[in-house]
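S.K.: Right, I'll just put the structure down here and ask away after.
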Amino acid sequence: MDEILEILEKDCRTTSEEIAKMLKKKPAEVKKAVSKYEKDGVILKYKAVINRELVRDSDNEVRALIEVNLIPQKDVGFDKIAERIYQFPEVSSCYLLSGTYDLLLIVRGKDIHTVSRFISEKLSPMENVRGVVTHFLLKKYKEDGVVLKQKEDDKRIAISY
Amino acid sequence: MNKNIVATKVEQMQPSGIRVFFDLVLGMKDVISLGVGEPDFVTPWQIREAGITSLEEGFTSYTSNKGLYKLRLSISRYLKNKYGLEYSPDDEILVTVGVSEGIDLVLRTIVNPGDKILVPQPGYVSYGPVTELAGGIPVYIDTSKDGFKLTPENISRCIDKRTKGIILNYPVNPTGVSYTRKELEAIKKVLLKHDILCISDEIYGDLTYDFEHVSFPSLSGAKENTVYFNGFSKSFAMTGWRVGYACGPKAVIDAMTKIHQYTIMCVPITSQMAACEALQTGKRSVEEMKREYKRRREFVFSELNRIGFTCSKPQGAFYAFASVKKTGMHCMDFAKKLLEEQKVAVVPGTAFGGQFKDFVRISYASSFDNLKEAFSRMAACMADIRR
């Protein structure tokens, strides 16, 4: 992978000037590369990773992992039905998997009732959905490579040879 | 207590002149330290996990003095793959408590009273004192006029008939300087001509950025005249595990093992088990860390020169040796000012040889966020001095 992407994936606040210094390029060159990545859809979005457990004033949020069994459609397979499902704002992630079920959804809602309602009223009744199994999420330890824990202090001695 | 309790030899050892400065740093809170001589990464998890597993499985005993056979075998294969070096795991490799122990062992092994050891300066702090403890005389080679590099000329000038060995350390702590094959070949010629043993400390070898690291004993004809040192501390971020190794001719390794068996017995088994894992699965982590250091190096090099230091580009390790001459200040005063007013710690150059009073060592084993903040504070300090 291009090092520009590696740097931005680690910290998207890194400016083009800083990246240019790190990679010995011209800032304009980096800017151009980044714009191209944005235009081509390689870079889709810049966002912060938030540990919601520490956000006291936010609405409590419930997450569920839902296994969905589908009846594939002629010609388009799973794509069309997947699209109908992932368009719901409650669905935060949607993956097609190999194995005993087809789609894995991560669904968010402000409480267990909202999520349940989504499943029973929206998801289950869809005509190509054969069945669902819902797992409510109890605790998150790590997400997308980030451990959901406050950064620990540097354990090294502050000065050494 | 007898007031002569401390032996004369130790009594006369120069206490490090910058101990006081170190204490100042350690006593201060919220300092951004660019004075750390070890990686800011934690040991990769699979390596830590191997250590934990070894404890769970009850590996808590001594190992063979030379180190676990499987570790020596892995080291042997690693060196073969990486540099084409052939060291037998049976009698040409010794696992030591970091390279530090290895250097002590080799000096005690080869030095007769009054023998001379050539020590480049600026250089890592322990070479001289350890030579003295072994009964030898360190002969310091000032490399500052030669771009901080040893050359056939500056080496030849210091050779006499008592010269027994030379410490070659590259990439260099504190300058980040390294050597190309051509430069090493030239050095080799001089050493072979005068039959001087090369003590090659290549602990930062994996962290070489502009060209492939060339291992000294891999040069033709050099192996028989070299004791090669490497370890896990820097490349695998394993400083606290204390594992290094020495490779060399059987006679030297045997002799070093004699001292090692009486003084150390063996390296802790947990660390050795973790080190095995490092060689088996750590390559990717090393590459990742190296890429990160390389990016920081470019940033640090460009920032240093922008804000008024003078610094040539380091080729390896994670240090820059920057001149503060333009400030007109002694490095110790500069470091104190930077610490007290901006809370940024660097190591004064005099730590690496008394004559380097115009230099500070800046370590970029620190996160990019820290480096950015540190450089903005250093820029403020420089602006204040210019005012």
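S.K.: I want to verify a result. In a Gaussian network model of chain B, Cα cutoff 10 Å, which of these has the top mean-square fluctuation: B:THR327, B:THR208, B:THR175?
M.R.: B:THR327
S.K.: Which loop GluC sites (Glu not before Pro) in segment A:36-112, with loop taken from DSSP, have no more than 16 other Cβ atoms within 10 angstrom of their Cβ?
M.R.: On the way: sites: A:GLU38, A:GLU53, A:GLU61, A:GLU67, A:GLU83, A:GLU90; in loops: A:GLU61, A:GLU90.
Sites meeting the loop and neighbour criteria: A:GLU61.
S.K.: I need the calculated FRET efficiency for the pair B:ASN112 and B:PHE211, taking r as the beta carbon distance and R₀ as 60 Å, to the nearest 0.05.
M.R.: FRET efficiency, B:ASN112 to B:PHE211: 0.95.
S.K.: What does the extension gain come out to for A:SER120 and A:LEU97, with contour length at 0.36 nm per residue minus their alpha carbon separation? Don't jump to the answer; show the numbers that get you there.
M.R.: Numbers: separation 23, 0.36 × 23 = 8.28 nm, distance 2.23 nm.
Working it through step by step, the gained length comes to 6.0 nm.
S.K.: Here is a follow-up. If N is the number of residues in the protein assembly as shown, what value comes out of its Cα radius of gyration divided by 2.2 N^0.38 Å?
M.R.: For the protein assembly as shown, the normalised Cα radius of gyration is 1.18.
S.K.: About its Cα centre, how strong a charge dipole does the protein assembly as shown have in debye, to the nearest 20, once Lys and Arg get +1 and Asp and Glu get -1 at the Cβ? Write out the running numbers ahead of the final one.
M.R.: Numbers: 80 positive and 71 negative charges, 242 e Å.
Using Cβ point charges on Lys, Arg, Asp and Glu, the protein assembly as shown gives about 1160 debye.
S.K.: Turning to a different aspect of this structure: What nm distance separates the two modelled labels at B:THR60 and A:MET1, each placed 7 Å from Cα along Cα→Cβ?
M.R.: 4.2
S.K.: Springs between alpha-carbon atoms under 10 Å, Gaussian network over chain B: tell me which of B:ASN173, B:ASN154, B:ASN230 tops the mean-square fluctuations.
M.R.: B:ASN154
S.K.: Rounded to the nearest 0.05, what FRET efficiency do B:LYS82 and B:VAL42 give with R0 = 25 Å and r taken as the Cβ-Cβ distance? Could you check?
M.R.: Numbers: r = 24 Å, r/R0 = 0.97.
That pair, B:LYS82 with B:VAL42, gives E of 0.55.
S.K.: Among A:TYR141, A:TYR86, A:TYR37, whose mean-square fluctuation peaks in a Gaussian network model of chain A (Cα, cutoff 10 Å)?
M.R.: Highest fluctuation of the listed residues: A:TYR37.
S.K.: Once you put a point 7 Å from the Cα of B:SER376 and another 7 Å from the Cα of A:ASP144, both along the Cβ direction, what distance in nm separates them?
M.R.: Once both label points are built, they end up 2.5 nm from each other.
S.K.: For B:LYS193, which aspartates and glutamates qualify as cross-link partners when the Cα separation must be under 15 Å and same-chain residues fewer than eight apart are set aside?
M.R.: B:GLU153, B:ASP160, B:GLU185, B:GLU224
S.K.: Take the residue pairs A:LYS24/A:LYS45; A:LYS26/B:LYS336; A:LYS32/B:LYS372 and return only those whose Cα atoms are more than 29 Å apart.
M.R.: Table pairs above 29 Å Cα-Cα are A:LYS26/B:LYS336.
S.K.: Another one. Along the three principal axes, how long is segment B:1-152 when you take its alpha carbons, biggest first, rounded to the nearest angstrom?
M.R.: For segment B:1-152, the Cα spread along each principal axis is 48, 47, 45 Å.
S.K.: Moving on. Please compute the modelled spin-label separation between A:ARG130 and A:LEU104, points set 7 Å along Cα→Cβ, answer in nm with one decimal.
M.R.: Roughly 1.9 nm, to one decimal.
S.K.: Treating only the Cβ of Lys, Arg, Asp and Glu as charged (+1, +1, -1, -1), what charge dipole size does segment B:311-387 show about its Cα centre? Round to the nearest 20 debye.
M.R.: Approximately 220 debye in magnitude.
S.K.: Do the alpha carbons of any pairs in B:LYS149/B:LYS234; B:LYS116/B:LYS182; A:LYS142/B:LYS70; B:LYS223/B:LYS283; A:LYS151/B:LYS283 sit beyond 32 Å of each other, and which pairs?
M.R.: Those over the limit are A:LYS142/B:LYS70.
S.K.: Counting Lys and Arg as +1 and Asp and Glu as -1, each charge on the Cβ, what is the dipole of chain A about the Cα centre in debye, to the nearest 20?
M.R.: Charge dipole, chain A, about its Cα centre: 340 debye, nearest 20.
S.K.: Still on this model: Return one number: the angle in degrees, 0 to 90 and rounded to the nearest 10, between the long axis of the Cα atoms of helix B:181-193 and the longest principal axis of the Cα atoms of chain B.
M.R.: So the inclination is approximately 60 degrees.
S.K.: With a Förster radius of 45 Å, plug the Cβ-Cβ distance of B:LEU133 and B:LYS337 into 1/(1 + (r/R0)^6) and report the FRET value to the nearest 0.05. Intermediate values should be presented prior to the final figure.
M.R.: Numbers: r = 35 Å, r/R0 = 0.78.
Working from the Cβ atoms, E equals 0.80.
S.K.: Among the trypsin sites (Lys or Arg not before Pro) in segment A:5-82, which ones are in a DSSP loop with at most 10 other Cβ atoms within 10 Å of the Cβ? Mind listing them? If you can, show how the numbers build up before the last one.
M.R.: Details: sites: A:LYS10, A:ARG13, A:LYS21, A:LYS24, A:LYS25, A:LYS31, A:LYS32, A:LYS36, A:LYS39, A:LYS45, A:LYS47, A:ARG52, A:ARG56, A:ARG63, A:LYS74, A:LYS80; in loops: A:ARG13, A:LYS24, A:LYS25, A:LYS45, A:LYS47, A:ARG56, A:LYS74.
Here the sparse-neighbourhood loop sites are A:ARG13, A:LYS45, A:LYS47, A:ARG56, A:LYS74.
S.K.: Any chance you could list P(r) for segment B:45-281, counting all Cα-Cα pairs in 5 angstrom bins from zero, rounded to whole %?
M.R.: Result, from short to long distances: 1, 7, 15, 19, 20, 16, 11, 6, 3, 1, 0, 0 percent.
S.K.: Among A:PRO27, A:HIS113, A:VAL62, pick out the residue whose Cα is farthest towards the positive end of the charge dipole of segment A:13-130, where Lys and Arg carry +1 and Asp and Glu carry -1 on C-beta, about the Cα centre.
M.R.: Result: A:PRO27.
S.K.: For segment A:60-139, calculate the relative contact order in percent as a whole number, restricting contacts to Cα pairs under 8 Å that are 6 or more residues apart.
M.R.: Value for segment A:60-139: 46 percent.
S.K.: So between B:LYS182 and B:LEU73, what do we pick up on full extension, going 0.36 nm a residue minus the alpha carbon distance?
M.R.: The span from B:LYS182 to B:LEU73 would gain 36.2 nm if fully extended.
Read-outs throughout are calculated quantities, based only on the coordinates presented, and are distinct from any laboratory measurement. All values derive from a computational prediction rather than experimental measurement. For neighbour counting, all protein chains shown are included, and Cβ atoms are generated from backbone atoms with ideal geometry for every residue, glycine included.
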